[in-house]
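Notes follow the structure.
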Amino acid sequence: MTFSVPARAAGACGTGGFDAWLADFKTEAAGKGISQNALNAALTGLTPDQTVLNRDHGQKVFSQTFEEFSGRMVPPRLTRGSNMLKQYGSVLSRIEQSYGVPGEVLVAIWGLETDFGVNVGKFPTIRALATLAYDCRRAEQFRGELLDALRILDRGDLAPSEMRGAWAGEIGQTQFMPSSWIKYAVDFDGNGRRDLIRSAPDVLASTANYLKGYGWQRGKDWEPGSPNFAVIQQWNKSDVYARTIATFATQLARAP
């Protein structure tokens, strides 16, 4: 589905210099209820990140076959994945009771996205999102994500210094975009914060909540062709990646 986006009169992407664009954005964000504290903490002294632009403009089309990708990604992660299923067994069973998503699927996503939280990314999220919102390629999309990142700060889930992740703004151990964090993140460990960077229970439950939000059917299969596979494809539109999640989850389910 495509939406026509009205042209912005002030602070349009890529024009008038980054500082002028940022000043316009701050005004818009304040008008949408973002606190001055969050704006000052996150946006003061911000500059665009050329590395992020280079990554965005140089994205390669995903060209590996399913056999190549799954063969590279799944076998080295099977043992650790099985251990994680056991280590978080009670948490995962409570999550399945609440959201209907089996632990094998959640652990598969966790392993493929960040090696179970080891590689969450080092890019400062606010800077990355502001860079992509200022650039004209997907300006409106990333303007929205930047507003949601500021809402995460405002809500107290994270401090700006904690908000680091992938170059395109994904944060946490299963790589949520800020808009998904706002919509689906849950405080499953009960400490008052939705923390998808440090809290494995929050990470796994939030991932289950995302899948449930896209129509996951409790007790049903997740292999290609099933309704739940279509939900996995909402997690990652790449058919190769979605099939790799399903395969990894199935192998975890069969593991001793």
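Observations on the model:
- The chain - mean residue ellipticity at 222 nm from DSSP helices (-39,500 (n - 2.57) per run, n ≥ 4, rounded to 500): -17000 deg cm²/dmol
- Ser226 versus Tyr214: modelled label distance in nm, points set 7 Å from Cα along the beta carbon direction: 1.6 nm
- Accessible area of the chain belonging to carbon and sulfur atoms, whole % at 1.4 Å probe: 51 percent
- Sequence-separation-based contact order of the chain, relative, with Cα cut under 8 Å and 6+ spacing, percent: 21 percent
- Think of segment 90-144 as a dipole: +1 on every Lys or Arg Cβ, -1 on every Asp or Glu Cβ, centred on the Cα centre; then among Tyr99, Cys136, Leu112, Cys136 lies furthest on the positive end.
- The chain: angle of helix 78-87 to the longest principal axis, Cα-based, in degrees nearest 10: 90 degrees
- This model, with +1 at the C-beta of Lys and Arg and -1 at the C-beta of Asp and Glu, gives the chain a dipole about its Cα centre of some 200 debye.
- Eigen-decomposition of the gyration tensor built on the alpha-carbon atoms of segment 149-256 gives equivalent ellipsoid semi-axes of 27, 15, 13 angstrom, largest listed first.
- Projected area averaged over orientations for segment 122-208, convex hull of C-alpha atoms, nm²: 5.0 nm²
- Assigned charges on the beta-carbon of Lys, Arg, Asp, Glu; segment 1-140 dipole about Cα centre (debye): 200 debye
- Across segment 87-158, the relative contact order, built from alpha-carbon pairs under 8 Å that are at least six residues apart, equals 15 percent.
- Placing +1 on the Cβ of every Lys and Arg and -1 on the Cβ of every Asp and Glu, with no other charges, gives segment 115-256 a dipole of roughly 140 debye about its Cα centre.
- Between the helical axis of 239-254 and the longest alpha-carbon principal axis of the chain there is an angle of about 40 degrees.
- Note on the chain: GNM, Cα springs under 10 Å; of Leu211, Leu196, Leu78, the largest mean-square fluctuation is that of Leu78.
- Among 184-193, 96-105, 111-120, sorting by the average number of other beta carbon atoms lying within 10 angstrom of each residue, highest first, gives 96-105, 111-120, 184-193.
- Here's the thing: no aspartates and glutamates lie within a cross-link span of Lys60, going by alpha-carbon distance under 13 Å and ignoring same-chain residues fewer than 8 apart.
- Taking the three principal axes of the alpha carbon atoms in segment 196-255, the coordinate ranges are 33, 27, 24 Å, sorted in descending order.
- Cα-based helix-to-principal-axis angle, 125-134 vs the chain, degrees rounded to 10: 60 degrees
- Set of lysines with alpha-carbon distance to Lys212 below 24 Å, sequence-local pairs under 8 removed: Lys86, Lys183, Lys220, Lys237
- Translational diffusion of segment 25-151, µm² s⁻¹ [Kirkwood Rh, Cα pairs; Stokes-Einstein; 10 °C; 1.306 mPa s]: 89 µm²/s
The values are calculated or read from the model by the stated rules, or taken from the named source; none is laboratory data. All values reported here derive from a predicted model rather than from experimental measurement. Reconstructed Cβ throughout: ideal geometry from the backbone, glycine too, with neighbour counts over all protein chains shown. Side chains included, ligands, DNA and RNA excluded: accessible areas come from the protein's heavy atoms. Shrake-Rupley method; radii C 1.70, N 1.55, O 1.52, S 1.80 Å.
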